[in-house]
């Protein structure tokens, strides 16, 4: 499966099944992986034009590195290789490759032995790191700690095989310390640790090397969607159209102290392609709306006569419930109860989740509902303590199994989830970690939902557009100085970038 994301347990099951189906030994699979990495390395600049130092560990990840070293040596390349292990123990397959290469491999077993490594780092152009891969489950210590510290202090580019040493495969947590890689080449499938917690900071540029390992059936499919996956999904608008072709977004939001939030959502929906946008608020708040936004219409309603004053949504209308509502008006529970009975796309964001919690079970059963919490809102909506949320993958899978609604779990990597499927969109920027950017995202989801018959696909497209807008700003101005409304100004650029790959 293209761009699949798996746990360490699933990856080991895939290895075992591949060996069984193809009657392969573990050594044969290791050699296949090593040759695939060698093939990528030998055709990818700048790595193919420069001299590498290969640093291997005692397990099968280290064995992959030794196979790469063997292939490079056979190709006549000038490489140096070291094998780090605190004792004589090597995995069976690692030892088999080591025995073929031992005259060319320098062993490092104690911290005092790394003087050789210091000298080699200085006379090589870059480092291929294969210390642990997915095999590490405890903090790095001893000679490995000294080696990782030396690699990080080297100033050299580092390519890690499968996972930077020191990063937990499933959680992305740093186990004491970790290699700060320039690039990470995942073997066959991405791992959860590439994206969670510290993963994005330590993996550098991610790529995946296909080595022919067969997938195994799992209850959930986790898939990484890159910018390339969205190219062509944002076609140019046809000429013979009018505004009602692109939907009317109703933003139920705003409070005396947070009227900017629904404005951001409404404007984002129009920047994202919606034909019309209205802010819908209680009549008593109308005087608090002081913004001058000529594109946005205002509608009001009375809590005492909700069905009559809100009315029924027509087929062109979509709702966003939550931006800037505050949490002090229990009557909003009646508003969400009224809206959610109408089978039109409904995006529940921010404070809207506070009021929607009363109807949680019913909402999760509706295929036209999208909830968009960040981590803290997710915990509160599902009554979780932070301790229960330590394993975010298991938590999401358990809570969203057999549901119809869509979950957008916002974070450094945003997940779009519906029962049995989770799409990870990892190319956003930390410039998005600002108040109001979630309001922009809710507007984009509504806009894409208006023109896409698949609400799940529309939601993924909106998250991608939001992430791309953040990247556009980062490329031009760096990661500091952004406010949420800046995203609106580059939305046309983000569209073009995902349309044809240009800015």
- May I ask you to list the residues in the range 229-243 that are touching a residue at least 60 places away in the same chain (Cβ under 8 Å) and surrounded by fewer than 11 Cβ atoms within 10 Å (Cβ to Cβ)? 235, 236
- Among the residues of the range 106-144, count how many are farther than 25 Å from residue 46 by Cβ, part of a strand (DSSP E or B) and touching a helix residue (DSSP H, G or I) at 6+ places or on another chain (Cβ under 7 Å). 1
- Please tell me if residue 232 is in contact with a strand residue (DSSP E or B) (Cβ under 6 Å, 6 or more places away or on another chain), modelled with pLDDT under 95 and not in a helix (DSSP H, G or I). no
- Item | Selection status of residue 325, in a loop (DSSP other than H, G, I, E, B), assigned by TED's automatic domain parsing to the domain that holds residue 451 and touching a strand residue (DSSP E or B) at 6+ places or on another chain (Cβ under 9 Å) | yes
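Let's see how each residue does on (1) touching a helix residue (DSSP H, G or I) at 6+ places or on another chain (Cβ under 6 Å); (2) at pLDDT below 95:
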{"site": "12", "(1), (2)": "no, no"}
{"site": "22", "(1), (2)": "no, no"}
{"site": "32", "(1), (2)": "no, no"}
{"site": "38", "(1), (2)": "yes, no"}
{"site": "42", "(1), (2)": "yes, yes"}
{"site": "55", "(1), (2)": "no, no"}
{"site": "64", "(1), (2)": "yes, no"}
{"site": "101", "(1), (2)": "yes, no"}
- Message: Condition first: surrounded by 15 or more Cβ atoms within 10 Å (Cβ to Cβ) and within 19 Å of residue 62 (Cα to Cα). Now tell me which residues in the range 20-31 satisfy that.
- Response: 26, 27, 29, 30, 31
- Task: Residue by residue through the range 341-362, note down the ones that are surrounded by 18 or more Cβ atoms within 10 Å (Cβ to Cβ) and either within 25 Å of the chain's Cα centre (by Cα) or in a loop (DSSP other than H, G, I, E, B) (or both).
- Result: 344, 345, 346, 347, 348, 349, 350, 351, 352, 353
- Query: Which residue, of 431, 440, is modelled with pLDDT of 95 or more, buried (at least 19 other Cβ atoms within 10 Å of the Cβ) and part of a helix (DSSP H, G or I)?
  - Reply: 440
- Restricting attention to the range 268-294, and to residues there that are touching a strand residue (DSSP E or B) at 6+ places or on another chain (Cβ under 7 Å) and either more than 20 Å from residue 446 (Cα to Cα) or not in a strand (DSSP E or B) (or both), which single residue is modelled with the lowest pLDDT? 289
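The values are calculated or read from the model by the stated rules, or taken from the named source; none is laboratory data. No experiment lies behind these values; they were computed from the predicted model shown. Reconstructed Cβ throughout: ideal geometry from the backbone, glycine too, with neighbour counts over all protein chains shown.
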